[in-house]
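The values are calculated or read from the model by the stated rules, or taken from the named source; none is laboratory data. Note that the structure is predicted; figures quoted are calculated from it, not measured. Here Cβ is always computed from backbone atoms with ideal geometry, including for glycine, and neighbour counts include all displayed protein chains. Side chains are part of the model used for accessible areas, which takes the heavy atoms of the whole protein and leaves out ligands, DNA and RNA. Shrake-Rupley method; radii C 1.70, N 1.55, O 1.52, S 1.80 Å.
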Amino acid sequence: MKKHTPCTPNLSRRRFLASLGLGGLGLVLPSASHAAKSLADEELVTLHDLTKCVGCGACVDACREANAHKFPEPVRPFPPMFPASVKVEDWSTKRQIIDRLTPYNWLYIQSAHGQFQGQRFDIHIPRRCMHCQNPPCANLCPWGAAAREKNGVVRIDPEICLGGAKCKTVCPWAIPMRQTGVGLYLKLMPRYGGNGVMYKCDRCYDRLAKGQKPACVEACPYGVQEIGPRSDIVAKAHALARNIDGYIYGETENGGTNSLYVSPVPFDILDAAVTAGPGKPDLAKAPDKMADETRMAYAALFAPVAGIIAGALRLGSRLSGGDDADETDDTPKRPPDAGTPDDEHKGTWS
Amino acid sequence: MSLPVSRRMSWAYVLVLSLLAVTGAMQMPIASRYRIVAVPGLAWLGDFWLTHRLHYLGAIALLALCSYLTTRWLLEWRRSYALTAFGLVRAGLLAGIIATGAVRVLKNLPNVSFAPAPTMLVDWTHLGLAVLLGLLALVRLVLARLAVKASSFRPR
Ligand code: SF4
Ligand code: SF4
Ligand code: SF4
């Protein structure tokens with residue numbers, strides 16, 4: 001098991017910076033020198049074989065126990081909020097809840113019962129953060145608290161998170177859960193900004209760093225889950241799906257996640273059969289939320305090129321046409337901070 | 001002597017920067033909390049995806065505009081005009097905002113991961129420089145107003 005390194009530049013970042021003409025930035029960003037090493041790193045993926053899960057909940061217990069030291073201990077009374085319509089979220093008095101996601105329960109068992117091809121099915125699905133490959137929760141966090149690490153773990157830093165819950169809003173499964181009364185916001189302007197800290201499965205990153213498996217993977221008496229490098233696990237998931245004539249969830253959802261579920265029943269049928277709602281994610285088809293941003297990022301590469309060409313063409317047309325005015329159909333305007341000419345021949349312009 | 005930046009360009013700059021300022025500010029989860037979304041016509045400010053994509057679009061427009069003006073500056077105007085101190089500071093701030101924004105766009109690409117600390121540094125720098133640019137525009141506006149007032153009272 002590879003220990004994750006905190007910052008993870010890679011070749012595509014270099015190439016991107018270089019094409020933006022910002023190659024030098026790569027040098028000032030931390031650990032750019034490890035670029036070559038990072039190529040060898042691979043994301044970790046979990047595989048749930050849903051034919052094996054009996055819904056015993058041993059994984060849920062293990063998760064709660066292994067991560068108890070990370071659970072919030074809020075300070076009371078909670079600071080008053082402005083405006084008063086802002087609701088606090090307090091799960092600290094409901095720590096025993098295990099049938100949904102809460103800041104104290106990062107994994108729960110979702111059950112689906114029904115009929116498929118004339119046969120009854122009872123399928124249990126351990127649900128938690130999917131650890132998306134390009135996670136909107138991390139990409140849209142305005143504060144940098146949520147991040148995807150090189151080994152694919154998506155994690156919210158409880159020291160930095162302000163509990164604005166944007167990550168939950170933009171997550172296709174609304175996974176992160178808020179606890180009020182903890183975290184950095186208490187030290188800033190608790191009345192006016194922030195509302196606690198967001199919590200979710202962190203893939204037992206601390207156990208991974210020690211070379212151990214996540215608690216839920218290890219605790220399962222039926223060996224439902226496996227964890228390994230992406231290429232291996234994706235191949236295994238496909239082999240398993242072929243064997244049982246089954247279906248995969250998580251490989252392409254939201255552009256790809258690092259949690260794969262294999263089921264003998266199609267996921268749209270399971271989706272219709274499970275209870276979804278607050279703290280209970282659905283199994284719907286989730287399109288890639290970041291697809292537009294990715295396309296625009298590449299379009300942005302051409303913007304400076306277009307600007308430079310337009311600027312150069314302008315000079316060309318002036319030189320050949322003798323057109324001295326700028327935009328010929330528009331009167332040149334004196335910019336507000338253009339002072340008086342600082343000498344006879346040279347004007348000022350900003 | 002004609003000054004180089006046309007009215008059309010000035011307006012494009014103001015429009016693009018306003019779009020970026022508004023959509024950028026809305027990346028903080030304040031539109032719902034402070035009931036901005038309840039103001040008729042402003043509900044869209046609460047849509048994180050919409051404002052995020054508009055911010056990207058604005059950034060593309062700003063990149064095109066800045067590179068166009070920089071090219072013309074280098075090729076033509078540099079010989080006849082000097083940058084004021086204001087202009088220099090503004091160019092520096094814009095460069096910083098564009099660079100930090102580019103890093104953030106890069107981070108949002110698939111397969112790119114940054115640790116929280118550098119991400120936070122980049123985010124805060126981006127926000128801080130944008131606020132400074134706004135303040136600079138304000139100071140410049142006030143100074144310009146004062147100058148107009150002063151000149152109208154000064155005997156010619
Ligand atoms: S994954 Fe394993 S431990 Fe968890 S509920 Fe299913 S069978 Fe039990
Ligand atoms: S499932 Fe939601 S919380 Fe988990 S990584 Fe994806 S976007 Fe983030
Ligand atoms: S990986 Fe760790 S934190 Fe995530 S559900 Fe399993 S035990 Fe809980």
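General observations
- Residues satisfying the stated conditions in region A:176-203, i.e. away from ligand 1 (no atom under 16 Å from the Cβ), out of contact with any Gly (no Cβ under 9 Å at 6 or more places or on another chain) and under 16 Å from A:T102 (Cβ atoms): A:P176, A:Y199, A:K200, A:D202
- Count of region A:55-89 residues which are assigned to a loop (DSSP other than H, G, I, E, B) and open to solvent by less than 40 Å² (accessible area, probe 1.4 Å): 10
- Unmet requirement for A:P281, which otherwise passes all of (1) facing chain B (nearest Cβ under 8 Å); (2) open to solvent by less than 30 Å² (accessible area, probe 1.4 Å); (3) at pLDDT 85 or above: (1)
- Matching residues in region B:96-114 - criterion: being more than 14 Å from A:C137 (Cα to Cα) and facing chain A (nearest Cβ under 7 Å): B:A99, B:A102, B:V103, B:V105, B:L106, B:N111, B:V112
- Matching residues in region A:182-207 - criterion: being more than 19 Å from the chain's Cα centre (by Cα) and either within 10 Å of ligand 3 (Cβ to nearest atom) or among the β-branched types (V, I, T) (or both): A:V182, A:R207
- Taking (1) under 27 Å from A:A276 (Cβ atoms); (2) out of contact with any Cys (no Cβ under 8 Å at 6 or more places or on another chain); (3) touching a residue at least 40 places away in the same chain (Cβ under 8 Å); (4) crowded, with 18+ Cβ neighbours inside 10 Å in turn, A:N151 satisfies each apart from (1).
- From the list B:L50, B:L45, the lone residue that is open to solvent by less than 40 Å² (accessible area, probe 1.4 Å) and either out of contact with any strand residue (DSSP E or B) (no Cβ under 7 Å at 6 or more places or on another chain) or under 26 Å from A:L319 (Cα atoms) (or both) is B:L45.
- Every condition in (1) of a type outside the set (D, E); (2) away from chain B (no Cβ under 14 Å); (3) within 16 Å of ligand 2 (Cβ to nearest atom) is met by A:A58 except one, and the failing one is (3).
- The lone criterion from (1) open to solvent by less than 10 Å² (accessible area, probe 1.4 Å); (2) within 30 Å of A:T180 (Cβ to Cβ) left unmet by A:A112 is number (2).
- Counting the residues of region A:254-293 that are within 27 Å of B:A102 (Cα to Cα), among the charged types (D, E, K, R) and in contact (Cβ under 8 Å) with a residue 24 or more places away in the chain gives 3.
- Tabulated pairs, region A:214-228, first of a type outside the set (V, I, T), second part of a strand (DSSP E or B) and open to solvent by less than 30 Å² (accessible area, probe 1.4 Å), C-beta under 6 angstrom, 6+ apart or interchain: A:Q225/A:T46; A:Q225/A:H48; A:E226/A:L47
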